[in-house]
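Enquirer: Have a look at this one.
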Amino acid sequence: MSQPPSITDIARAALMRLAELELPPTPDNYAKIYTELSGQPQEAGITAANSTSVKILNVVRSLVDSVTDRTAGLATYLGEGNRELKRALEDLSGAREKQLIMQLAEVLVSKADSMHGTVQDTQRDMEATRLALAHMSAEIAETRKSLLEDALTGAQNRRGMDTILAREVARAKRDGNRLVIAMIDVDHFKNVNDTYGHDAGDRLLVHLSMITKSVLRESDALVRYGGEEFLLILPEADIKGAEFVLNRLRQVISKSPLIYDDKKIEVTVSAGLAQLQQEENGHHLILRADKALYEAKQAGRNCVRIAS
């Protein structure tokens, strides 16, 4: 009985379909093709994270409306208060009797105190709203970060990859710079899960992510492409320089076993490299890097191959 396609298989097929249809690599296009190929209902594409984003935006709108209403009300109140004070001053300037003067003076003081209290209340409300908006801004930034990052490894996820890759491809073509991507796969990762358990497999992926980040430049990006596959986006790098970096990474990983339950888990990685051509888009570039990765596996793994 044949095994159902894995997430990585469906993702690859979706990429190839996008390339065939020459569709832009937007999250919506990718989600549509992915759900079609996976057989999932369209409703499955609506994630809890998207729902959270909508809720946050609604709260922000409510806070902004509250600020607008409060400031508009304050302006109206101050305008009315100023008119009352003006009338009282006019009456006071025309008053001759001491008792009437004292009564008008009391009106002035009372109205001034009331206006001062209202201003203070509004100031406190505005400060509370400002703090709420600042907190909401931090929440939105954190939510956006979680939407673009893999929860396990902290690498970019597929949505983050689409954003970064589209930006770097456009910049490379605009400025005439080079751009290289690398597709990396952990050799015999299934054996790790079967031998040590899935928790060990997860720990290994985190371990490899940390090693990979340590050899990357600040401008480079690490993406968890799916399962045990990672993708590196290397702006302003030529193919030979990228090959040197990937071979160095491969050697560091092979010499840096994960210690799990007092046991050493040693692994190697295979990688495929592709440099952006002027006529291709990001998804064609990924397909070429993936093909080079397949060649590395066919060559016996634990090696780097460059796409033709």
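The values are calculated or read from the model by the stated rules, or taken from the named source; none is laboratory data. All figures in this text were calculated on a predicted structure; none of them were measured in a lab. Because the Cβ atoms are built from the backbone with ideal geometry, glycine has one as well, and the counts that use them run over all protein chains shown.
Enquirer: Could you give every pair whose Cβ atoms fall below 7 Å, whose first residue belongs to segment 187-202 and is at negative phi, and whose second residue is polar (S, T, N, Q) and surrounded by 13 or more Cβ atoms within 10 Å (Cβ to Cβ), counting only separations of at least 6 or pairs across chains?
Expert: Between residues of segment 187-202 that are at negative phi and residues that are polar (S, T, N, Q) and surrounded by 13 or more Cβ atoms within 10 Å (Cβ to Cβ), the close pairs are D187/T268; D187/S270; D187/N302; G201/N193.
Enquirer: Then there's this: Just checking, which of K297, K263 is touching a residue at least 40 places away in the same chain (Cβ under 8 Å) and surrounded by fewer than 13 Cβ atoms within 10 Å (Cβ to Cβ)?
Expert: K263
Enquirer: Identify, from the list R250, R159, R174, R217, the residue that is assigned by TED's automatic domain parsing to the domain that holds A299 and either among the aromatic types (F, W, Y) or more than 25 Å from the chain's Cα centre (by Cα) (or both). Step through it out loud before you land on a result.
Expert: Details: R159 fails: either among the aromatic types (F, W, Y) or more than 25 Å from the chain's Cα centre (by Cα) (or both); R174 fails: either among the aromatic types (F, W, Y) or more than 25 Å from the chain's Cα centre (by Cα) (or both); R217 fails: either among the aromatic types (F, W, Y) or more than 25 Å from the chain's Cα centre (by Cα) (or both).
After applying the criteria, what remains is R250.
Enquirer: Here is a follow-up. Output the number of residues of segment 226-244 satisfying the condition of being surrounded by fewer than 23 Cβ atoms within 10 Å (Cβ to Cβ) and under 18 Å from the mean Cα position of the chain (by Cα). Show your work before the answer.
Expert: Step one: of segment 226-244, the residues surrounded by fewer than 23 Cβ atoms within 10 Å (Cβ to Cβ) are 226-229, 235-236, 238-241, 243-244.
Then keep just the ones that are under 18 Å from the mean Cα position of the chain (by Cα); that gives 226.
The total comes to 1.
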